[in-house]
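This report concerns only the one structure given below.
The values are calculated or read from the model by the stated rules, or taken from the named source; none is laboratory data. Note that this is a predicted model, so its numbers are computed, not measured. Positions of Cβ are backbone-derived with ideal geometry, glycine not excepted, and every protein chain shown enters the neighbour counts.
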């Protein structure tokens, strides 16, 4: 038998075929990988919806369905191809001589490499993982130092999105008094933007020699990152117009002739929850209002789910609550160079690369941790 069976860790097709004795390793592998994820099932559902005669009666809904279908097929088809090759490989192994099995090891090595490259994608199967998203960075306590750190994080995420070839739009930004930003919200458009960036939710900590301190002392700063999916209009989130306070104001910063002359920017406050959202990027008040309402719906859904998760955690006696305030990553620039994720223990000394957007290793590690938990 090929030495592939003695290796560890094993890709899922090896585990299920060695342990189950199933005569159809492909079907077992597919069921093992996507149990509870329902990726193939969701693809079939989307195909049925796109074949409905009335699909184009609602063009926005149709476009959203086709976009999701395209992204999920792009995710699933390489996995399906590997599964087919695994099945063919096992068929050959069963009748192969020792010499032929040795020759087949080249195919095993190739499949293992392809599997490692695709493995993380298997965990991008949450309800909104395929969606665009809103990413907000806010400076914590600490004045100018924290605001500068928030600006550094915003640049890091913009560079990461550029590496992913995602489109980004800064829809709201409040500059700091001396340097940096108090907060900024980025609208990210791209396949699996939310699925990847949701791993960045939480508090990010920076340790460095402060450029804003006359004595150049070491300073610790914090910034908060929030990530919300762009929800389809069909999502069941009810908002009572009577619960909203809507304020208009003039947009700040650079823009067209209309930007600083007309109160086109929108700030919406949801009175029962106290949630506030704002948008000032678009030229018209109507467009800014639509974008702000999208963010509000996403925040209300996130709040509801977080409360449900906290209730479950209390019943289980969990030590940590599922909220945005958890510190997830530490960036140390002095006295040594280190970025370490506190959830996965993933770390690197390449702080320059990380702050320039090279953060995929941390995202992959967190996706795998969440997927296996």
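Data overview
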item	result
Residues (within 16 Å of the chain's Cα centre (by Cα) and without any contact (Cβ under 8 Å) to a residue 24 or more places away in the chain) located in the range 343-373	361
Test: residue in the range 90-102 that is loosely packed, with under 12 Cβ neighbours inside 10 Å, under 23 Å from residue 197 (Cβ atoms) and out of contact with any helix residue (DSSP H, G or I) (no Cβ under 8 Å at 6 or more places or on another chain)	no
Residue match in the range 212-231 (condition: out of contact with any strand residue (DSSP E or B) (no Cβ under 9 Å at 6 or more places or on another chain), farther than 28 Å from residue 333 by Cβ and modelled with pLDDT under 85)	no
Sole residue being outside the structural domain of residue 353 (by TED's automatic domain parsing), in a helix (DSSP H, G or I) and within 30 Å of residue 67 (Cβ to Cβ), chosen from 100, 114	114
Residue in the range 174-185 that is within 25 Å of residue 360 (Cα to Cα), touching a residue at least 12 places away in the same chain (Cβ under 8 Å) and in a loop (DSSP other than H, G, I, E, B) present	yes
Residue 153 vs. criteria assigned by TED's automatic domain parsing to the domain that holds residue 209, crowded, with 20+ Cβ neighbours inside 10 Å, under 17 Å from residue 355 (Cα atoms) and out of contact with any helix residue (DSSP H, G or I) (no Cβ under 6 Å at 6 or more places or on another chain)	yes
Pick from the range 54-73, criterion farther than 16 Å from residue 132 by Cβ and in contact with a helix residue (DSSP H, G or I) (Cβ under 9 Å, 6 or more places away or on another chain), ranking: surrounded by the fewest Cβ atoms within 10 Å (Cβ to Cβ)	56
Only one of 179, 223, 184 that is in contact with a helix residue (DSSP H, G or I) (Cβ under 6 Å, 6 or more places away or on another chain), more than 30 Å from residue 346 (Cα to Cα) and surrounded by 13 or more Cβ atoms within 10 Å (Cβ to Cβ)	179
